[in-house]
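A.B. asks: Provided herewith is a single structure, encoded as structure tokens, for subsequent inquiry.
Every number in this text was worked out from the coordinates using simple rules, so none of it is lab data. Predicted, not measured: the structure shown is a model, and the values here were computed from it. Here Cβ is always computed from backbone atoms with ideal geometry, including for glycine, and neighbour counts include all displayed protein chains.
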Amino acid sequence: MNPEIIILDDEPNIVEVLITRLETKGYNVIGFTKPDKALDAIRNGNACVLLTDMKMPEKDGIAVLNEAKELDPDIEVIILTAYGTVSSAVEAMKQGAYDYILKPFNPAELIAKLNRALDKRELKQRVRALEKKVESSTDNMIYAVSRAMNHVIQLAKQVSSTDATVLITGESGTGKELIARLIHRESNRSNKNFVIMDCGATPSGLIESEMFGYVKGAFTGAIKDKTGIIEEADKGTLFLDEIGNISSELQNRLLRVIESGEFRRVGDVAQKHSDIRVIAATNADLLSLVKNGTFREDLYYRLRVINIDIPPLRERIEDIPGLVQIFVNEFSQKTGKHILGISKDVLEIMRKHTWPGNVRELRNTVQSAVVLCSSDIITRDDLLISGICEPEEVFDESLNKLEETEKDMVIDALKKSKWVQNEAAKTLGISRRVMHYKIKKYNININEKPV
């Protein structure tokens, strides 16, 4: 098995101590005292992290860093340095080192930094794999690897070659407009206009004039003729979003347009004709509106020649990683930041969230996280503003990590004092009584004396 961590230090006892400590924590480690031997191991294997000393007689840490990065650009390098060479370690970080640790090192700090470095290495490889998957699975800016969403895309392509009206249903934020645009792009009308009428956002008093247009003098303020969107969409596609919001009178007029292409501008007596393909969308239950008499049944069935129902994001969680990466890349570019992606625990949070706002909510969440992110990886702290990760959750995780660190420090102090509790307590600067409490709290068996 290839080592996940390579240790390099010209002092054999330090290499031995580090190997022993890390192996007891379950890491796969190999150590060297010669830089060229360590670099050969990187060249011939697939190591994730290189832990290297800064000052060595053959090559210094920066030289080793540069050669290691040439061999494997994704390898994370942590510099071991004495207090007097901290400035060199900082310079190494500017040149691509992940972090540095001061000698004599704190075991808990070492483990924490190694874990973060391993996570970053994994993230880089996960991002690379995701980007390849996104590139091969993005169809005109619609990403889908889930079976449910791929079915939607295939159905949209299948109906695009006809002029049949399409009713796209689905919760708010699922991407109904994207599917409508896909149908238009794949159709023989793709070189003509794709015109949108948002029936939900347009005031009811303006929908008629926006849809059908008007002639000069039709009403107060009509100082000149205006072309409506039905006319603008001639030979192209008319997308009516939130169709359930139009009045009964407009439903009558729209039905006539769909059936014959004929319409009149507001205030006009002349009949006009427009050759349009109508795609409608709604997040409402139109059939219920039909049953209670607020939506015409004949218009409903005329619109619903083909029905494409888009699943909510919670039913296509396989798509979340790829969608997140698309949005991270988008907003990183817009903000001028270089953010690789999200941490594993953030991905797990996103998988478990119900996403009532669907893909739109996910996109907004990633946008806020990118803005807040001060490193190259989005963490749980960056999600607080979104509301999908409560502060209590972050507090609980931080508390668990703190307790793990404290337990390691107690065990380390006991080892150094040869398991004499009074001496260990002095090392930590606590009383004998507190030391006894910590041993009991963390269930440390001083008789077994764990290594």
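A.B. asks: Between beta-carbons, use under 13 Å as the cut-off and find the net charge around K291, counting Lys and Arg +1, Asp and Glu -1.
C.D. replies: -1
A.B. asks: Starting from the Cα-Cα distance between S204 and K352, subtract it from 0.36 nm times their residue separation and give me the gain in nm to one decimal.
C.D. replies: Length gained between S204 and K352: 49.4 nm.
A.B. asks: Could you work out how far helix 12-24 tilts from the main Cα principal axis of the chain, as a 0 to 90 degree angle to the nearest 10?
C.D. replies: Approximately 50 degrees, to the nearest ten.
A.B. asks: Would you mind checking which residues have amide H under 5 Å from I7's amide H? H placed 1.01 Å from N; only 5 or more apart, or other chain.
C.D. replies: I30, G31, F32, L51
A.B. asks: Simple spin-label model, 7 Å along Cα-to-Cβ: E16 to S172 in nm?
C.D. replies: 6.8 nm
A.B. asks: Of the peptides 320-329, 201-210, 417-426, 369-378, how do they stack up when ordered by the mean number of other Cβ atoms within 10 Å, highest first?
C.D. replies: For the peptides 320-329, 201-210, 417-426, 369-378, the packing ranking is 320-329, 369-378, 417-426, 201-210.
A.B. asks: I've got another one for you. Does anyone have the angle between helix 432-441 and the longest principal axis of the chain? Alpha-carbon axes, 0 to 90°, nearest 10?
C.D. replies: With both axes taken from Cα atoms, the answer is about 50 degrees.
A.B. asks: Using DSSP to call loops (not H, G, I, E or B), can you name the GluC sites (Glu not before Pro) in segment 58-167 whose Cβ has at most 13 other Cβ atoms within 10 angstrom?
C.D. replies: E58
A.B. asks: Separation between the T220 and W419 pseudo-spin-labels, each 7 Å from Cα along Cα→Cβ, expressed in nm?
C.D. replies: In this crude spin-label approximation the distance works out to 9.5 nm.
A.B. asks: Taking H as built 1.01 Å from N, whose amide H comes closer than 5 Å to the amide H of I378, not counting residues under 5 places away?
C.D. replies: Correct list: G341, I342, S343.
A.B. asks: Here's another thing I want to ask about it. How high is the relative contact order of the chain, given as a whole-number percent (alpha carbon pairs under 8 Å, six or more residues apart)?
C.D. replies: 12 percent
A.B. asks: While we're on this one: Quick check: residue separation of T162 and E404 times 0.36 nm, minus the Cα distance between them. What number comes out in nm?
C.D. replies: Here the answer is 80.8 nm.
A.B. asks: If you take the square roots of the eigenvalues of the alpha-carbon gyration tensor of the chain and sort them as a ≥ b ≥ c, do you get rounded (a/c under 1.5), prolate (a/b over b/c) or oblate?
C.D. replies: In terms of gyration-tensor shape, prolate.
A.B. asks: What distance in nm separates the two pseudo spin-label positions at E122 and I317, each 7 Å out from Cα along the beta-carbon direction?
C.D. replies: Here the modelled spin labels are 1.8 nm apart.
A.B. asks: With a ≥ b ≥ c taken as the square roots of the eigenvalues of the C-alpha gyration tensor of segment 1-138, please select rounded if a/c is under 1.5 and otherwise prolate if a/b is larger than b/c or oblate if it is not? Before the final figure, lay out the partial values.
C.D. replies: Working: a/c = 1.71, a/b = 1.56, b/c = 1.09.
Prolate is the answer for segment 1-138, as a/c is 1.5 or above and a/b outweighs b/c.
A.B. asks: Further, regarding this structure: Are there chymotrypsin sites (Phe, Trp or Tyr not before Pro) in segment 35-107 that DSSP marks as loop and that have at most 10 other Cβ atoms within 10 Å, and which are they?
C.D. replies: Within segment 35-107, no chymotrypsin sites (Phe, Trp or Tyr not before Pro) qualify (loop, at most 10 other Cβ atoms within 10 Å).
A.B. asks: How far is helix 320-335 tilted off the main Cα axis of the chain, in degrees rounded to 10, range 0 to 90?
C.D. replies: 90 degrees
A.B. asks: Quick check: convex hull over the Cα atoms of segment 254-332, volume per residue in Å³, rounded to an integer?
C.D. replies: Working: hull volume 14.6 nm³, N = 79.
Expressed per residue, the convex hull around the Cα atoms of segment 254-332 is 184 Å³.
A.B. asks: Going Cα to Cα from K216, which lysines come in below 30 Å? Please leave out same-chain ones fewer than 8 positions away.
C.D. replies: List returned: K192, K224, K226, K235, K272.
A.B. asks: Moving on. Going by amide H atoms built from the backbone, whose H comes under 5 Å of the H on A97, apart from near neighbours?
C.D. replies: none
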